[in-house]
Amino acid sequence: MLAVTARSVSRQDPLGGLVVGEHPDPQPAPGWTTVTVRAASLNHHDLWTLRGVGMDPQRLPIVLGCDAAGVDSDGREVIVHSVIPSEGWSGDETLDPRRTLLSELHDGTLAQSVSVPWRNLVAKPPAMSFAEAACLPTAWLTAYRMLFTNSGARPGDTVLVQGAGGGVATALVMLGSTTGYRVWVTSRSAEKRRRSLELGADQAFEPGARLPDRVDAVFETVGGDTWSHSLRALRPGGTVVVSGATSGFDPPAELNRVFFLQLRIVGSTMGTIQELARLARLCEIHGLRPLVDRVLPLGEARQGFEALERGEVFGKVVFEP
Ligand SMILES: NC(=O)c1ccc[n+]([C@@H]2O[C@H](COP(=O)([O-])OP(=O)(O)OC[C@H]3O[C@@H](n4cnc5c(N)ncnc54)[C@H](OP(=O)(O)O)[C@@H]3O)[C@@H](O)[C@H]2O)c1
């Protein structure tokens with residue numbers, strides 16, 4: 001089958017290890033099934049893998065991709081949940097210390113077909129295209145859990161989203177503004193700030209800008225470049241929810257600010273299959289559609305990786321096999 005694989009990893013030249021070509025068809029294990037992929041979306045996770053972050057080179061080559069929507073072996077239209085718990089785990093799979101995401105231990109979704117446990121399938125909302133549905137399992141699910149499960153913020157609160165152009169960030173803007181939050185954003189790009197307002201953000205600022213007021217919660221995926229601003233933006237007792245650190249993992253902790261203002265720092269990763277099902281229903285109820293920046297044939301996947309690496313993407317890049 002046609003697949004996008006990581007053949008080698010390199011911090012300096014991540015795309016040097018990217019290969020678009022033939023790969024063996026998946027062989028489902030007992031309790032697993034094979035989904036025919038109709039659309040798969042790209043995440044920053046795929047770039048981290050090519051940089052060697054969280055990837056043992058002995059597992060290579062491996063098919064990249066965490067997200068897919070497609071048709072299962074019973075002909076049902078499904079969304080694939082990417083979090084694979086370890087054998088015998090029960091409860092919140094994001095808390096399983098031995099969980100993996102597709103493309104970490106098992107082949108991922110950037111292929112004509114992918115093998116997954118039966119329990120990892122969620123019905124695709126009929127009104128949503130495969131391309132839109134393929135955006136839900138990582139970026140949108142992460143945003144859902146950050147906002148609704150982990151932030152403690154309530155409709156009517158003001159929240160700040162750092163790095164507005166990203167896949168997770170655009171999902172936060174759309175989910176938050178649709179469900180009654182006042183959403184402020186920062187972005188390095190004037191064009192992305194303008195587009196964020198069109199998406200539903202209330203106000204958009206340059207990175208580090210002084211805000212009109214303190215916010216109830218901040219959503220962090222940028223990390224080092226914005227961390228200090230995130231802590232300064234919070235009201236006393238406010239919460240910063242962090243799920244990524246694209247620009248650096250080790251910003252100063254600024255512990256004086258954390259304890260003096262009683263700030264809460266909450267980590268967040270992906271979401272459960274129940275949260276993915278609720279996210280799909282929420283999108284149906286509100287008529288929400290993930291923002292797709294571009295759709296490319298799977299064979300032209302390299303173009304999408306290059307755009308993501310250059311930071312030129314607003315929303316999600318989707319591939320169709
Ligand atoms: N924990 C989890 O479960 C989970 C799930 C999904 C994603 N993540 C992580 O969250 C991060 C965002 O993921 P994503 O898929 O949304 O990525 P993405 O689409 O590539 O978005 C990254 C955004 O970061 C912003 N940014 C600001 N300063 C930056 C800098 N110095 N260098 C690079 N980017 C900068 C950019 O926004 P502007 O151009 O608008 O400034 C860019 O759009 C990644 O690190 C990813 O690994 C974690």
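The values are calculated or read from the model by the stated rules, or taken from the named source; none is laboratory data. The model shown is predicted, which means the values in this text are computed figures rather than measured ones. In this analysis, Cβ positions are derived from the backbone assuming ideal geometry, glycine residues included, and neighbour counts consider all displayed protein chains. Note: areas computed on protein heavy atoms with side chains; ligands, DNA, RNA excluded. Shrake-Rupley method; radii C 1.70, N 1.55, O 1.52, S 1.80 Å.
Here are some notes:
- Nonlocal amide H pairs with VAL215, under 5 Å, H built at 1.01 Å: LEU234, ARG235
- Residue range of the chain that is longest and free of chymotrypsin sites (Phe, Trp or Tyr not before Pro) which are both DSSP loop and sparsely packed (at most 14 other C-beta within 10 Å): 90-248
- For the range 52-194, the per residue solvent-accessible surface stands at 35 Å², with DNA, RNA and ligands left out and a 1.4 Å probe.
- The spread of Cα positions in the chain, taken along each principal axis and listed from longest to shortest, comes to 55, 44, 40 Å.
- Per-residue Karplus couplings for the range 131-143, computed as 6.51 cos²θ - 1.76 cosθ + 1.60 with θ equal to phi - 60°, are listed in order as 4, 5, 4, 5, 8, 6, x, 10, 4, 6, 5, 4, 4 Hz, Gly and Pro entered as x.
- For the range 243-314, the fraction of 1.4 Å probe accessible surface lying on carbon and sulfur atoms is 53 percent.
- Computed log₁₀ I(q)/I(0) - Debye formula, equal Cα scatterers, no solvent, the range 138-214, q 0.27 Å⁻¹: -1.34
- The loop-placed GluC sites (Glu not before Pro) in the range 86-157, going by DSSP, that have at most 16 neighbouring Cβ atoms within 10 Å of their Cβ come out as GLU87.
- Summed over qualifying helices (DSSP H, 4 residues or more, each -39500 (n - 2.57)) and divided by its residue number, the chain shows a 222 nm mean residue ellipticity of -6500 deg cm²/dmol.
- In this calculation the C-beta distance from GLN27 to ASP250 is compared with R0 = 45 Å, giving a FRET efficiency of 0.65.
- All-pairs alpha carbon distance profile, the range 144-303, 5 Å steps from 0, percent: 2, 9, 18, 21, 21, 14, 9, 4, 1, 0, 0
- Cα centre as origin, Lys/Arg/Asp/Glu Cβ charges: the range 196-319 dipole, Debye: 340 debye
- Over the range 234-308, all Cα pairs binned in 10 Å intervals from 0 give whole-percent P(r) values of 13, 24, 32, 24, 7, 0, listed from short to long.
- When you count the other C-beta atoms within 10 angstrom of each residue and take the mean per peptide, 34-40, 234-240 line up highest first as 34-40, 234-240.
- Candidates per GluC sites (Glu not before Pro) in the range 196-278, loop by DSSP, up to 16 other Cβ within 10 Å: GLU254
- Restricting the range 77-171 to trypsin sites (Lys or Arg not before Pro) in coil, as DSSP defines it, with at most 11 other Cβ within 10 Å: ARG98
- Backbone amide hydrogens, once placed in the peptide plane, bring ILE62 within less than 5 Å of ALA6, excluding anything fewer than 5 places away on its chain.
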